[in-house]
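Every read-out reported here was derived from the displayed coordinates using simple, explicitly stated rules and does not represent laboratory data. For clarity, every value in this text was computed on a predicted model and none was experimentally measured. In this analysis, Cβ positions are derived from the backbone assuming ideal geometry, glycine residues included, and neighbour counts consider all displayed protein chains.
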Amino acid sequence: MTARTYTHPSVLDGIAAGASWADPEMDPTRIDWADRRAAAAIPFPLVDGRPVNPYAPTGIRYGRNELGHWGEAQCADAIVTLSDPDGWRWLLLIERGDGHGWALPGGHVDPGEDPTHAAFRELTEETGLIATHTAPWVKTLPARYVPDPRASDEAWMVTTPVCIDLGPDWRTLPEVTGHDDARRAEWFPAVDFDCLCRHLGYHDGRLFTAHRDLLADILDH
């Protein structure tokens, strides 16, 4: 089988516009990989000077697919939950503006930014919800690879999940509204992973592929 090469036109548009999320370098062999590999949350190899996704193959051997960077990009995702007086757990999700379905609020960690801070920042930017670090329960989990459908063998995502529980006995769910990259923001029943998927189905929704394993691990344990 011939190795597929592909970079989405939106990446090229981002480069032309000088977007911060798009590496302007078109040839990854010209990148100095020492610093990027040292900062990586998950070690990855180089082959002939090109980065290789540690969880390859993705189906696209060369190029960046829909991601703007080469190699690993780090993001942070806010897993915000609360419980109502009946003991039902609810989870906050946003509908992505790129058509990839419902997902956790989150986004890129800025250079030098603490991932926990990034998760809180993205939460407010995308939903309007201000959940400070004084939330009843906050736990930052280890960074993990996510199977992002936009990835390639040379560009992939790693996230730091930040669990934020707002506590029990919420008779009225906090108001949230989609902002920034989110079309909508809504609370969904999430007693367990199957419960979440069932209620997403009632809304004709689907869960962002990159977050399925992450949420199954958290909601079912």
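Which shape class, rounded, prolate or oblate, goes with region 118-221 when its Cα gyration tensor gives a ≥ b ≥ c as root eigenvalues, a/c under 1.5 marks rounded, and past that a/b bigger than b/c marks prolate? It comes out rounded by the Cα gyration axes.
All alpha carbon pair distances within region 133-190 were sorted into 5 Å bins beginning at 0; the resulting P(r) in whole percents reads 4, 12, 14, 18, 24, 15, 9, 4, 1, 0.
Under the combined filter of DSSP loop state and at most 14 neighbouring Cβ atoms within 10 Å, region 121-221 retains these trypsin sites (Lys or Arg not before Pro): 171, 206.
As a calculated quantity, the FRET efficiency between residue 171 and residue 195 at R0 = 25 Å, using C-beta atoms, amounts to about 0.80.
Relative contact order of region 86-174, please, whole-number percent, based on alpha carbon pairs below 8 angstrom and at least 6 residues apart.
23 percent
The label-point distance for residue 20 and residue 113, in a model that sets each label 7 Å from Cα toward Cβ, rounds to 0.7 nm. Candidates 152, 123, 93 compared by Cα position along the dipole of region 75-221: farthest toward the positive end lies 93, with charges placed on Cβ.
With the dipole of the chain worked out from charges on the C-beta (+1 for Lys and Arg, -1 for Asp and Glu) around the Cα centre, which of 81, 11, 137 lies farthest toward the positive end? It is 11, whose Cα lies furthest towards the positive end. Quick one: net charge around residue 42, please, counting Lys, Arg +1 and Asp, Glu -1 for every other residue with C-beta under 14 Å from its C-beta. Here the count lands on +1. Only Cα sites of the chain enter the Debye sum here, all with the same form factor; the resulting log10 I(q)/I(0) across q = 0.12 1/Å is -0.66, listed in q order.
Neighbours of residue 193 by Cβ distance under 13 Å: Lys/Arg scored +1, Asp/Glu scored -1, total -2.
Rounded to the nearest 20 debye, the dipole magnitude of the chain is 420 debye, with +1 charges on Lys and Arg beta carbons, -1 on Asp and Glu beta carbons, and the Cα centre as origin. Here the contact order of the chain, divided by its residue count and restricted to Cα pairs under 8 Å and six or more residues apart, works out to 24 percent. Find out how many positive minus negative residues lie around residue 113, taking Lys and Arg as positive, Asp and Glu as negative, among other residues whose Cβ is under 15 Å from that of residue 113. Neighbour charge sum, excluding residue 113 itself: -4.
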